[in-house]
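Have a look at the structure below before the remarks.
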Amino acid sequence: MLFLFFSLSAFATAGELGEGYDENTELTIKGMITEVAGGMRGPVVLRLSYGGKPYSVVTAPPWYLKRNGIMFQEGLEIEVTGSKYFGENGTLYLIARKIREVKTGREIFLRDARCKPMWHGMRNR
């Protein structure tokens, strides 16, 4: 079982986010990004609301997003498919496998067919 912590950097080191992905908890939500959070370590986390519940959507390391020309901004409407987790503090996390920009239809795949992170084995350069 994967435990999520308050700190994004602590969260990122807990199994590299890929080992705890559970297809049995996968769901798809759609909402508008209200905040983009992330630092030098750990994944970029998008905050959005769906069905009146706040979600923290865990994406990928900032270096991976930058390398692939992926940028998220507040106000962007997205559809996210991912694995649901509850953090120790009760925060609802969704570890994203696929994100679709609603307006453009652009699909961003963050995990492969085996649900492993696309950046697995890549180096931060």
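The values are calculated or read from the model by the stated rules, or taken from the named source; none is laboratory data. Treat the numbers as computed from the prediction; the structure is a model and nothing was measured. Quick reminder, even Gly has a Cβ in these numbers, built from the backbone with ideal geometry, and neighbours come from all protein chains shown.
Numbers at a glance
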| quantity | calculated |
| --- | --- |
| Residue match in region 35-43 (condition: assigned to a strand (DSSP E or B), modelled with pLDDT of 95 or more and surrounded by 14 or more Cβ atoms within 10 Å (Cβ to Cβ)) | yes |
| Output for region 47-82, where each listed residue is of a type in the set (Ser, Thr, Tyr), under 21 Å from residue 26 (Cα atoms) and surrounded by 16 or more Cβ atoms within 10 Å (Cβ to Cβ) | 50, 55, 56, 59, 81 |
| Residue match in region 57-65 (condition: touching a residue at least 40 places away in the same chain (Cβ under 8 Å) and in a helix (DSSP H, G or I)) | yes |
| Of all residues making up region 78-119, the number that are hydroxyl-bearing (Ser, Thr, Tyr) and part of a loop (DSSP other than H, G, I, E, B) | 2 |
